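For reference, the structure discussed in these notes is given below.
Derivation of every value follows stated rules applied to the coordinates shown; laboratory data play no part. No experiment lies behind these values; they were computed from the predicted model shown. Cβ coordinates were reconstructed from backbone atoms using ideal geometry, including for glycine residues, and neighbour counts include every protein chain displayed.
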Amino acid sequence: MDFNSPDFEELYQSIILDHSRKPRNFGELPEASVTASGDNPSCGDAITLQLRFDPADAQKLAEVKFHGDGCSICMASASMMTTKIKGRTRNEAEALRGSFQSMLTLNHGSADEAAPPPPKELGDLRLLQGVRKFPQRIKCATLAWHALHQALSEDAAKRVTFDIEGKGQPAR
Amino acid sequence: MHQIDWAALRRDFPILNQDVHGRPLVYLDSAASAQRPLQVLDAITHYYEHDHANVHRGIHELSNRATAAYEAARTRTAQFLNAASADEIVFTRGTTESINLVASAWGGRHVKRGDVILLTELEHHANLLPWQMLAQRTGATLRYVPVLGDSGLLDLAQLDSLLTPEVKVFAFTHISNTMATINPVAELCRRAREVGATTLVDAAQSAGHHPLDVREIGCDFLVFSSHKILGPTGLGVLYGRAEKLDETPPWQTGGEMIVSVDWHQASFKPAPHRFEAGTPHIAGAVGLHAALDYLDNVGRQAIFEHDQALARHAYERLRELGGVRLLGPTDGNRAGLVSFLLDDAHAHDVVTMADVKFGLALRGGHHCNQPLHRKLGVRSSARASFYFYNTREEVDLLIDAVAEIQKFFCRGL
Ligand SMILES: Cc1ncc(COP(=O)(O)O)c(C=O)c1O
């Protein structure tokens, strides 16, 4: 069987597969400051993201964990995201989220060449740029990031769950 | 029975003759939407090239032709279902709209607080949410006939305790779009009649795949979509037994469906026109007519057996692979589709790799059966669904693909 399909190879690079098979920071965070769940109603992927802020510096994400179930792209993106934002400030995490989102959706629909080079600060997360070529999978890659945005937004303090369409509702 | 040349039939479907991602397309997603043969495409083109005008309004030649074509499609549909009369056939936008019409208009009039709406756990969201809305609106209660785990079979031993005289309506699918279960619809309708419950059969997955006779089934309502049975999108059918349509008030209102309109009141036509407000999908009906002719020309029993043989073959070969969780009946008594999960790969990854690497069109997700998937502890599954234009070689290709997908996602563990 030949596996020479550039788009496919780009989507499922070994680092991505490695994160999906062995997700980092996977599990529950007992003393979470905030919990947010992301749900992808069309495919059933669901992940929960938990953050703990540094007691000495409420801006700093001292601990980050996630759990849930999703496809390899969803899991890899969540795993790579947690390694990237741990130890960062709220603002830094929010900025990374913006960069990641833009990498996948900016100029979407135009020729691939029009995709701007992803910012260096995304590090390994840049490997997920291949998802652009699979429009149906973009929401898989952004699920964890939607949860992050929710967790960092104002009302996150009262713990919210939301679906990817962004309709927030109080957690049960 | 005459020998059917399935390969020749396949050539009627130009869309199947193409490459995707550099490989010949293998279309295994007909349960989501079937493809159209040339005969259907030609009928639609012919209609637009020669006969189109609005129906029922004009008195000129083209309007007469369009009206005749539209009403001929209704008569043909009645015949296809063995309905007693063409007046029992309402054209809608699809299965979903047909069920919404029944739940809103018939249900709104006849279902009251304290009544029970009985469904099954197999139902597509289209045959669940309209009833859930009705229950919320009226204060009626929802009950579900449970599914016996991965087998996809209904737990009919519980029917006695569920199908009680409080049940006002019993709505169920003929063939499950996820589990491939074939429900004993005539038996379920007979049981419902014993308690005076009105029945609705969701025939979305059976209309083009299985013989269907509404009088033999004994249902009050039966619904399906044109696009799943070789016809155009945007058209559906609601069969309603005359007595049931008569007791259903108008739903959407507007042009075509009235007898007389005054500033403050109006009177409405009898069924079926009472339920067809506005300009209908005339070309859709013309296409459906051609689709029904095509299907009956091949023979629905033969199609059923063909698709079932492919599904059995797929089921057996997937089982032999190992590391595969298979949904639906284990005894081969299934319709022409197979849903499965791989131990090592998520359904999305399966579908993406099948597409990009093998040219296979599969479905992945919860197939609009979210509560059922939840009950089974499954977030999403992959589904291969077959039609008479599919071949045994295509099933074998699916198996090769699944074996490669297993290897790929296992690698490095
Ligand atoms: C069993 C069943 N019911 C209802 C539907 C809804 O059909 P439509 O989307 O054409 O209205 C489907 C289609 O997926 C189905 O498989």
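As a test of the formula, what do you get for the protein assembly as shown when each DSSP H run with n ≥ 4 contributes -39,500 (n - 2.57) and the sum is divided by the residue count, at 222 nm and rounded to the nearest 500 deg cm²/dmol?
Calculated from helices alone, the mean residue ellipticity at 222 nm is -11000 deg cm²/dmol.
Using only the Cα atoms of chain B, what are the Rg and Dmax in Å?
22.0, 75
In Å and from the alpha-carbon atoms only, list the Rg and Dmax of the range B:38-155.
Radius of gyration, then largest Cα-Cα span, for the range B:38-155: 19.8, 59 Å.
Give me a comma-separated list of calculated 3J(HN,Hα) values for the range B:41-47, in order, Karplus coefficients 6.51, -1.76, 1.60 applied at θ = phi - 60°, integers in Hz, x for any Gly or Pro.
4, 5, 4, 5, 4, 4, 4
Name the residues whose placed amide hydrogens come within less than 5 Å of the amide hydrogen of B:Asp29, ignoring near sequence neighbours (fewer than 5 apart) on the same chain.
Long-range HN contacts for B:Asp29: B:Ser385.
How many angstrom lie between the C-alpha centres of the range B:340-355 and the range B:52-79?
Using only Cα atoms to place each centre, the spacing works out to 47 Å.
How well do other chains shield peptide A:37-46, expressed as the mean number of their Cβ atoms within 10 Å of each residue Cβ?
Numbers: counts 0, 0, 0, 4, 3, 5, 9, 13, 5, 1.
Partner-chain Cβ atoms within 10 Å, mean over residues of A:37-46: 4.
Based on the Cα coordinates of the range B:177-238, what is the per residue volume of their convex hull in Å³?
Spelled out: Cα convex hull of the range B:177-238, divided by residues, is 89 Å³.
When we measure straight from the Cα of A:Lys65, which aspartates and glutamates land under 16 angstrom away, once same-chain ones fewer than 8 places off are left out?
Answer for A:Lys65, where 16 Å is the Cα cut-off: A:Glu28, A:Glu31, A:Asp54, listed by chain and number.
I'd like the distance separating the alpha-carbon centroids of the range A:10-65 and the range A:70-111, in whole Å.
Distance between centres, Cα-based: 11 Å.
Of B:Leu200, B:Leu362, how do they rank once you tally other Cβ atoms within 10 Å and put the fewest first?
So the ranking, lowest neighbour count to highest, is B:Leu362, B:Leu200.
State the Cα centre-to-centre distance between the range B:1-47 and the range B:221-280 in whole Å.
31 Å
Peptides B:131-137, B:183-189, A:33-39: what's the order by average Cβ count within 10 Å, highest mean first?
Details: B:131-137: 17.0, B:183-189: 19.6, A:33-39: 22.6.
Sorting B:131-137, B:183-189, A:33-39 by mean packing, highest first, produces A:33-39, B:183-189, B:131-137.
Between A:Ser99 and B:Ala157, what is the spin-label point distance in nm, taking each point 7 Å from the Cα along the Cα→C-beta axis?
About 6.1 nm separates the two model spin labels.
If you take each beta carbon of peptide A:66-72 and count the beta carbons of other chains within 10 angstrom, what is the mean?
4
May I ask for the equivalent-ellipsoid semi-axes of the protein assembly as shown, computed as the square root of five times each C-alpha gyration tensor eigenvalue and listed largest first in whole Å? Please report the intermediate quantities before stating the final value.
On the way: eigenvalues 400, 170, 123 Å².
Working from the Cα gyration tensor, I get semi-axes of 45, 29, 25 Å.
Listed here are the pairs A:Lys133/B:Lys375; B:Lys112/B:Lys228; A:Lys22/A:Lys60; A:Lys60/B:Lys407; A:Lys139/B:Lys357; A:Lys86/B:Lys375; which of them are more than 30 Å apart at the Cα?
Distance filter (> 30 Å) returns A:Lys133/B:Lys375; B:Lys112/B:Lys228; A:Lys60/B:Lys407; A:Lys86/B:Lys375.
So for each of A:10-19, B:261-270, B:8-17 I average, over its residues, the number of other beta carbons within 10 Å; can you give me the resulting order with the highest mean first?
A:10-19, B:8-17, B:261-270
Give me the inter-chain shielding for B:343-350: mean count of other chain Cβ atoms within 10 Å, whole number please.
5
Please report, to one decimal in angstroms, the Kirkwood hydrodynamic radius of the range A:6-153 built from all distinct Cα-Cα pairs.
15.3 Å
Roughly what would the spin-label model give for A:Arg90 and B:Ile15, points 7 Å off Cα along C-beta, in nm?
5.0 nm
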